1. I'd like the full set of residues that are surrounded by fewer than 18 Cβ atoms within 10 Å (Cβ to Cβ) and on the phi > 0 side of the Ramachandran plot, limited to the stretch 39-84.
2. Among the listed residues Arg130, Arg156, identify the single one that is open to solvent by less than 60 Å² (accessible area, probe 1.4 Å), more than 23 Å from Thr89 (Cα to Cα) and of a type in the set (Lys, Arg).
3. Among the numbered criteria (1) open to solvent by less than 10 Å² (accessible area, probe 1.4 Å); (2) among the small types (Gly, Ala, Ser); (3) more than 25 Å from Thr133 (Cα to Cα), which one does Gly328 miss?
4. Just wondering, is there one or more residues in the stretch 268-290 that are away from the ligand (no atom under 16 Å from the Cβ), of a type outside the set (Gly, Ala, Ser), open to solvent by 10 Å² or more (accessible area, probe 1.4 Å) and touching a helix residue (DSSP H, G or I) at 6+ places or on another chain (Cβ under 7 Å)?
5. Mind counting the residues in the stretch 133-153 that are at positive phi and open to solvent by less than 60 Å² (accessible area, probe 1.4 Å)?
6. For the stretch 129-139, indicate whether the set of residues that are away from the ligand (no atom under 12 Å from the Cβ), under 17 Å from Asp318 (Cα atoms) and at pLDDT 95 or above is non-empty.
7. Among the listed residues Ala116, Ala123, identify the single one that is open to solvent by 10 Å² or more (accessible area, probe 1.4 Å) and out of contact with any Ser or Thr (no Cβ under 9 Å at 6 or more places or on another chain).
8. With the condition kept exactly as written, say whether any residue in the stretch 144-160 is modelled with pLDDT under 95 and more than 16 Å from the ligand (Cβ to nearest atom).
Amino acid sequence: RRMATAARQSLKIGLIPADGIGKEVIPAARTVLEALGSDIPKPEFIDLLAGWEVFTRSGSALPEETVETLRECDGALFGAVSSPSRSVTGYSSPIVALRKQLDLYANVRPVVSVAATPEEKPAVDLVVVRENTECLYVKQEVLTHTAQGKEARATRLITERASHRIGKMAFDIALGRPRKQVTIIHKSNVLSVTDGLFRETVRGVPAKYPGQYDSVKLEEQIVDSAVYRLIREPEIYDVMVAPNLYGDIISDAAAALVGSLGLVPSVNAGDKFVMGEPVHGSAPDIEGKGIANPIAAIRSAALMLRHLGYAQGADRIDVAVDQVIREGQVLTPDLGGSSSTNDVLNAVLKKM
Ligand code: GGG
């Protein structure tokens with residue numbers, strides 16, 4: 001799925017490393033973009049702030065300037081955020097807010113294994129298309145005190161509009177893939193109103209575009225059984241479309257099938273803007289050690305380019321990354337190696 005590419009002289013890219021290893025992997029992705037030379041318009045990078053650390057310094061996890069500057073950019077790369085697991089007055093997850101404020105309604109997460117040779121089919125080759133703006137992530141939580149003790153409630157929002165547009169995104173992505181299959185992930189046997197609306201709306205997408213999606217096979221699966229089958233027979237999936245929370249969980253589970261969360265990229269995509277973001281979090285346990293795997297961030301930069309219409313640059317990055325993984329000589333500890341972030345970056349640059 002590509003955005004219209006105006007003939008750009010330069011590519012303005014906002015960089016938001018945010019917290020933890022985001023500060024180590026986003027600079028690596030930047031270096032890879034710089035190495036593309038004439039494959040893309042000259043990149044112009046703008047460093048922007050967000051995250052827990054900036055909140056502790058300034059009282060804002062998402063400074064207004066970050067959002068306003070992003071509105072002027074062609075694309076962006078976001079690292080990772082370390083939101084606390086408890087409620088902190090004045091703090092709200094900046095990545096959840098950014099997705100909403102920029103209307104980045106789809107989180108597209110390709111999970112692909114690297115086969116032994118470039119000619120072989122990868123054992124896992126699927127895309128999780130996660131709705132990115134609603135579900136439980138509207139974060140309307142209320143704590144009340146009752147005679148029996150505390151009671152916590154959360155609102156789960158599913159709208160026809162959001163379900164339709166994420167469904168359409170999934171069908172469009174499937175059209176561009178050899179298998180052309182969409183699987184709707186839901187739990188409408190229990191949550192018949194919310195997941196029922198999601199399921200019905202996505203099922204209804206092809207009827208709204210007569211002829212357009214005739215070649216796409218539509219399947220559906222209850223989320224718990226989908227996770228089971230994903231682990232046992234990942235090859236049955238092509239494009240999985242899910243409400244926000246299920247999509248978040250499924251894509252992390254799928255990452256285990258390809259060796260590491262450190263390999264899995266994503267883009268947060270809307271109709272007008274795209275922001276690459278590795279699926280992994282801020283990994284405080286390895287922060288500052290220089291051993292974070294930069295591949296998810298590098299692949300996220302490639303995915304961002306692909307959405308912006310620069311397939312040649314994206315291909316160069318992806319081919320180089322696959323070669324490094326395939327050779328298995330330069331790997332960070334998450335993949336069983338002992339190489340550093342910089343070693344992997346340099347290996348990728350060498351292959352490019
Ligand atoms: N790059 C993905 C990432 O940062 N994952 C952790 C995450 O989404 N956390 C939510 C938050 O901390 O607000």
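The values are calculated or read from the model by the stated rules, or taken from the named source; none is laboratory data. All values derive from a computational prediction rather than experimental measurement. Every residue, glycine as well, gets a Cβ built from its backbone with ideal geometry; the counts of neighbours run over all protein chains shown. Ligands, DNA and RNA are stripped out before the accessible areas are found, and what is left, the full protein with its side chains, is counted by its heavy atoms. Shrake-Rupley method; radii C 1.70, N 1.55, O 1.52, S 1.80 Å.
1. Gly59
2. Values: Arg156 fails: more than 23 Å from Thr89 (Cα to Cα).
Testing whether each residue is open to solvent by less than 60 Å² (accessible area, probe 1.4 Å), more than 23 Å from Thr89 (Cα to Cα) and of a type in the set (Lys, Arg) leaves just Arg130.
3. (1)
4. Initially, the stretch 268-290 is screened for residues away from the ligand (no atom under 16 Å from the Cβ), giving 270-273, 288-290.
Those still in the list that are of a type outside the set (Gly, Ala, Ser) too: 271-273, 289.
With the extra rule that they be open to solvent by 10 Å² or more (accessible area, probe 1.4 Å), the set shrinks to 271-273, 289.
Filter again for touching a helix residue (DSSP H, G or I) at 6+ places or on another chain (Cβ under 7 Å), leaving none.
No: zero hits.
5. Going residue by residue through the stretch 133-153, those that are at positive phi are 135, 139, 149.
If we keep only those that are open to solvent by less than 60 Å² (accessible area, probe 1.4 Å) as well, we get 135, 149.
Number satisfying all stated conditions: 2.
6. Filtering the stretch 129-139 down to residues away from the ligand (no atom under 12 Å from the Cβ) leaves 129, 131, 133-136, 138.
Within this subset, residues satisfying the condition of being under 17 Å from Asp318 (Cα atoms) are none.
Checked the stretch 129-139: no residue is away from the ligand (no atom under 12 Å from the Cβ), under 17 Å from Asp318 (Cα atoms) and at pLDDT 95 or above.
7. Numbers: Ala123 fails: out of contact with any Ser or Thr (no Cβ under 9 Å at 6 or more places or on another chain).
When all the criteria are applied, what remains is Ala116.
8. Filtering the stretch 144-160 down to residues modelled with pLDDT under 95 leaves none.
Taking every residue of the stretch 144-160 in turn, none turns out to be modelled with pLDDT under 95 and more than 16 Å from the ligand (Cβ to nearest atom).
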